[in-house]
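Here is the structure we will look at, set down as structure tokens.
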Amino acid sequence: MSDSTTKPRRVCFFGIDGATWKIIKPMVASGRLPNLAAMMENGSYGVLDSTCPANSSLAWTSLQTGVHPGKHGIFFFREQPSGMYQRPIVSWNSVHAPSIWSLANEHGKRVSSLYFPMTFPPEKVDGVMISGLLTPDRNADFIYPPEFRQELEKAVGEVPSDNEPEVVFGTVTQEAAAKKLFETTDQIARIGAYAFDKQDWDLYGIVFRGVDLASHRAWCYQDPQWAKLNPAAAEKGKDLLGSVYDLLDAKLGEIRDRLDDETTLVVASDHGFDRITHRFYVNRWLVEQGYLKLKNGKIAWMKTKLFFRQKFHGALRRLRLLQTYQATMKKLGGGGNSPDMGEAMLMSLVDWPRTKAYSSFGGGEDIVLINLKGRQPEGCVELGQEYESLREEIIDKIKQYKDADGTALVADAWKREDLWSGPSIELAPDIQFLTSDTGVNAGGNPLMPVTSEPALDGMPAMHRLEGVYLMEGPGVVRKGHEAAKGQIADIAVTMLHLLGLPAEDYMDGGLLGDAFEPEWLAANPVLARTGNRGRLDFKKSDDWGSDEDAAKVAETLRSLGYLE
Ligand SMILES: [Zn+2]
């Protein structure tokens, strides 16, 4: 047994939000993506199943904690606190499990964590941390330690947050958004390279969100069916998504060039992607089924108001004044912990004392919430028999629901305890369903028809369960091996193992063992897990930050298409 096979290794993680084999494999076959291609040849790769539902907030949290949502407590970008109908935006303070960064620190390993979604506010790690998606904006304290920001500004220039509204397709023209996305990606890569070279780390990780951003908006251009209906637009945009994959592959190359023999490279995405064919307005369905009651007198007036609000906000967004406008409105007394007034308007339509069930008014969530007595302010459903039979009834009905063409829109539906387990289950939606893989996206507006085909200028693609993972490390990772399917919580356990550290006994993930050379694995057996189960029973803070910060994050999520 030589030293080199048993020495703990350094781990370098490169995250590509939203990457899918559906795009990577054909591009590799046509001679593109040379770095991902080289990793497939010199390493192991496979499908990485996301969380259910496949959303960046839960998925990146599972990747960084090694546990499923029932333990980490993140079920979407929103919380569901008792005592209020408003659902604040989550942050790292909402996460109920320790991060791989803090675990590595406890074992004396130094970390560099760059642009991981969900890590705002940044942890005080031994090493450095730059928070990613859900950072309010670049003026927030999203870099730890603060001196690292000054160091970066001196060495490489401005430090962008992963919340630059111009990068997000839909707020500016497509050309302008793409240009800004390329520039921001270059700058984040420069910061990543600087931290790689100048920081002393054992565990390094960086996440790029460009593929996710581009997939939401540009998936359609390379979709043959869509292209047939929109030939001019498709011709113009057909390589936009591919060019973003090319860009991230080049950034991966800059990292690969820096690797030594003692570092294992891990690449992963948090979920896959595919097109959207239908919108399913869950709150409208609940109205039609009699579970959600609206105040009839207000509807016509509200329709007009919403129509003008949409027009007005669209104009403000184009002028980049929307955030300022919303912040000002809040200061004048609007809002009050609700990150969006449009949602608040929709919710003011609801006749709560007569409503038994409702869904997200922001959309993007495949959920049904029960209006429970004692939990919701005007709850009317009794816990126990009434709650149980109501959930069963709704699950049965929603699974059977078909649109006018006879298309089944829901693939499956569960009571929360049948899908997840763990001490955070009380924070989960009462019913989670999964829309079918034909591409259904849930909407929140109860005044829309139950189903509709997406508008052409709307969001043409959404997440799918199957993401990707690749690993490379000579003598450690098998070469040219298509490895067994993994699940997203496996990444934390696998990275701990490469660092020579045990996993924690509460972790749901396992080792992605099929990717490793059998001799290396024999020389580096899985260590007994350490018993820290009690550490899941904590909540960091109930502080959701200022209304202004919440409005900024909500506006980003809306531009991304995660909220309406
Ligand atoms: Zn994502």
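Results, tabulated for the structure shown:
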{"read-out": "Ranked list, fewest to most other Cβ atoms within 10 Å of each Cβ, for Val368, Val440", "value": "Val440, Val368"}
{"read-out": "Relative exposure of Thr135, Thr20, Thr494, judged by other C-beta atoms within 10 Å (fewest first)", "value": "Thr20, Thr494, Thr135"}
{"read-out": "Over the range 87-217: Kirkwood hydrodynamic radius from C-alpha pairwise inverse distances, Å", "value": "15.3"}
{"read-out": "Cβ-defined net charge surrounding Ser359, 9 Å radius [Lys, Arg +1; Asp, Glu -1]", "value": "-2"}
{"read-out": "In sequence order, calculated HN-Hα J values of the range 420-436 (Karplus, 6.51, -1.76, 1.60; Hz; x Gly/Pro)", "value": "10, 9, x, x, 9, 4, 5, 8, 7, x, 4, 10, 10, 10, 10, 6, 6"}
{"read-out": "Of Lys228/Lys399; Lys179/Lys236; Lys25/Lys236; Lys7/Lys485; Lys293/Lys397; Lys180/Lys251, those spanning more than 21 Å from alpha-carbon to alpha-carbon", "value": "Lys228/Lys399; Lys25/Lys236; Lys7/Lys485"}
{"read-out": "Volume of the Cα convex hull of the chain, divided per residue and given in Å³", "value": "148"}
{"read-out": "The range 1-132 shape via C-alpha gyration tensor axes, a/c threshold 1.5", "value": "oblate"}
{"read-out": "Prolate/oblate/rounded call for the range 364-520, Cα gyration tensor, a/c under 1.5 rounded", "value": "oblate"}
{"read-out": "Formal net charge of residues neighbouring Asn55 (Cβ-Cβ distance under 10 Å; K, R +1; D, E -1)", "value": "-3"}
{"read-out": "Relative contact order of the chain, pairs being alpha-carbon contacts under 8 Å that are 6 or more residues apart, as %", "value": "28"}
{"read-out": "Where labels lie 7 Å past Cα in the beta-carbon direction, separation of Lys295 and Asp396 in nm", "value": "3.4"}
{"read-out": "Segments 399-410, 177-188 sorted - mean Cβ within 10 Å per residue, highest first", "value": "177-188, 399-410"}
{"read-out": "Rh (Kirkwood; distinct C-alpha pairs) - the range 173-269, Å", "value": "15.1"}
{"read-out": "Those trypsin sites (Lys or Arg not before Pro) in the range 75-128 that DSSP places in a loop and that have at most 13 other beta carbons within 10 Å", "value": "Lys124"}
{"read-out": "For Trp420, Trp219, order by how many other beta-carbon atoms lie within 10 Å, fewest first", "value": "Trp420, Trp219"}
{"read-out": "5 angstrom amide H check on Phe273, placed H, neighbours 5+ away", "value": "Arg464"}
{"read-out": "Mean Cβ count within 10 Å, highest first, over the residues of peptides 380-390, 232-242", "value": "232-242, 380-390"}
{"read-out": "Rounded to 10°, Cα long-axis angle of helix 547-560 versus longest principal axis of the chain", "value": "80"}
{"read-out": "Cβ-based net charge around Glu482, under 12 Å, with every Lys or Arg adding one and every Asp or Glu removing one", "value": "+2"}
{"read-out": "Whole-number percent relative contact order across the range 152-272, with pairs defined as alpha carbons under 8 Å at least 6 apart", "value": "19"}
{"read-out": "Amide H partners (placed H, <5 Å) of Leu369, local residues excluded", "value": "Tyr358, Ser359"}
{"read-out": "0 to 90° range, to nearest 10: angle between helix 56-65 axis and the chain longest Cα axis", "value": "40"}
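FYI, it's all coordinate maths here, none of it is from the lab. As the structure is a prediction and not an experimental result, all values here were calculated from the model. Positions of Cβ are generated from backbone atoms using ideal geometry, with glycine treated the same way; all protein chains shown enter the neighbour counts.
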